[in-house]
Amino acid sequence: MNFVGKHILSVAQLSRSDVEQIFSVADKMIPYAQRQRITRVLAGAILSNLFFEASTRTRLSFGAAFNLLGGNVLETTGLASSSLVKGESLQDFARVISGYSDVIVMRHPDAGSVAEFAESSRSPVLNGGDGSNEHPTQALLDLYTIEKELNYRRKSLDGLRIAVVGDLKYGRAVHSLLKLLKVFHNITVHMVSPPDLRAPERVIAELQEAGHEVRDFDQLELGIQAVDVLYVTRTQEERFSSAAEAIKYKGLFRINQAVYTQHCEPNTVIMHPLPRDSRETAQELSEDLDSNPNLAVFRQTDNGLLIRMALFALILDVVDKIEFHSAPVAWRADPKKWEQPPFD
């Protein structure tokens with residue numbers, strides 16, 4: 001794909017070569033993300049960060065990524081602070097905001113809303129999450145993290161064995177990751193969830209049609225055995241019809257160090273798109289895993305910065321300019337700030 005000026009709305013747009021291109025550019029962003037070098041290739045460019053649903057790390061990650069490339073960020077958070085509450089259509093809103101912006105990131109609680117907005121936008125739009133539908137940049141950073149973690153273990157994405165655990169019905173990060181896995185080979189997916197929170201049939205069918213093995217489990221201990229990666233999600237309580245319905249599932253599939261040691265292979269990678277619910281009755285990943293070197297959740301968040309910098313650079317066509325507009329940074333060059341995988 002030629003990324004210049006393109007919307008990124010779904011992982012379905014991406015081929016394997018597209019994914020590899022994004023990852024290659026992300027690798028080049030490491031010294032800039034770690035503030036060991038600086039670049040101003042997007043000086044004068046404007047990102048409009050439109051987040052109409054609660055977000056911390058995704059919103060700040062997009063903003064930081066744009067800032068690190070030298071650009072400026074405008075932000076709107078919450079539907080109540082926008083003219084959409086006055087009845088403005090997404091089409092009108094898109095025509096107005098795109099006139100102010102070189103690129104737009106949008107998160108919206110309704111599935112399909114970001115694509116609807118993009119149809120009327122005069123600037124490229126990146127989907128920051130639309131309801132329970134998709135979260136394509138999360139899937140990219142997750143897969144980038146998996147590739148890095150597997151490389152340290154002398155494995156590759158082809159042949160990956162992964163268990164996805166928890167709320168697979170409403171978890172948009174899981175939906176996008178599973179769709180993205182289709183472009184690789186010989187994947188084994190353990191779907192570990194309560195029956196009522198099973199992944200949508202279309203997601204399962206697409207994996208099977210791509211030739212991948214999909215196995216269903218409603219018992220945690222069985223589902224997390226014989227895999228390379230555990231991808232754990234929280235119960236998406238905001239998508240349930242009532243809090244009483246959601247509370248039945250919170251903390252139901254909980255992984256702690258004892259469960260991990262007893263049922264997982266040594267060096268199984270532990271991932272989570274975050275935020276993880278740290279309340280005692282709802283923990284998906286116990287805090288006693290924090291000292292486990294295979295817990296990769298904070299490496300995931302670091303990698304999100306790289307992926308989003310890469311996408312901005314590709315979409316705004318500045319990849320080839322970055323090296324020539326950089327300089328060493330004397331005041332900040334501490335790679336220890338970034339968590340490292342457990343193996344050399």
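The values are calculated or read from the model by the stated rules, or taken from the named source; none is laboratory data. Keep in mind that what you see is a predicted model, and the values were worked out from it rather than measured. When we count neighbours, we look across all protein chains shown, and the Cβ atoms used for this are built from the backbone with ideal geometry, even at glycine. Heads up: the accessible areas ignore ligands, DNA and RNA and are worked out on the full protein's heavy atoms, side chains in. Shrake-Rupley method; radii C 1.70, N 1.55, O 1.52, S 1.80 Å.
Quick one: would you say D228 is more than 20 Å from the chain's Cα centre (by Cα) and open to solvent by 10 Å² or more (accessible area, probe 1.4 Å)?
No, not satisfied.
Examine segment 233-246 for a residue that is touching a Lys or Arg at 6+ places or on another chain (Cβ under 9 Å), within 26 Å of V297 (Cα to Cα), modelled with pLDDT under 95 and among the aliphatic types (A, V, I, L, M), and state whether such a residue exists.
Checked against the condition, which is being touching a Lys or Arg at 6+ places or on another chain (Cβ under 9 Å), within 26 Å of V297 (Cα to Cα), modelled with pLDDT under 95 and among the aliphatic types (A, V, I, L, M), segment 233-246 yields at least one hit.
Determine if segment 166-173 includes at least one residue that is modelled with pLDDT under 95 and of a type in the set (K, R).
So far as segment 166-173 goes, yes, one or more of its residues are modelled with pLDDT under 95 and of a type in the set (K, R).
For every residue, the table says whether it meets (1) touching a strand residue (DSSP E or B) at 6+ places or on another chain (Cβ under 6 Å); (2) assigned to a loop (DSSP other than H, G, I, E, B).
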| position | (1), (2) |
| --- | --- |
| V174 | yes, no |
| L180 | no, no |
| M191 | yes, no |
| A199 | yes, yes |
| E206 | no, no |
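Kindly indicate which of R95, R122 is assigned to a loop (DSSP other than H, G, I, E, B), within 21 Å of L47 (Cα to Cα) and touching a residue at least 12 places away in the same chain (Cβ under 8 Å).
R122
Considering only segment 2-53, state which residues are open to solvent by 40 Å² or more (accessible area, probe 1.4 Å), small (G, A, S) and under 20 Å from D102 (Cα atoms).
G5, A43, G44
Can you spot a residue in segment 127-149 that is under 20 Å from L9 (Cα atoms), touching a Phe, Trp or Tyr at 6+ places or on another chain (Cβ under 6 Å) and open to solvent by 10 Å² or more (accessible area, probe 1.4 Å)?
Among the residues of segment 127-149, at least one is under 20 Å from L9 (Cα atoms), touching a Phe, Trp or Tyr at 6+ places or on another chain (Cβ under 6 Å) and open to solvent by 10 Å² or more (accessible area, probe 1.4 Å), which makes the answer yes.
Give me the helices (runs of 4 or more DSSP H) completely within segment 1-71, filtered to those with at least 1 residues that are modelled with pLDDT under 95 and within 22 Å of E134 (Cβ to Cβ), ordered by residue number.
57-68
Looking only at segment 279-317, count every residue that is among the small types (G, A, S) and in a helix (DSSP H, G or I) and tell me the total.
3
Quick check: anything in segment 183-203 open to solvent by less than 10 Å² (accessible area, probe 1.4 Å) and acidic (D, E)?
Among the residues of segment 183-203, not one is open to solvent by less than 10 Å² (accessible area, probe 1.4 Å) and acidic (D, E), which makes the answer no.
Condition test on L168, is it within 16 Å of T233 (Cα to Cα), assigned to a loop (DSSP other than H, G, I, E, B) and more than 9 Å from the chain's Cα centre (by Cα)?
Yes, satisfied.
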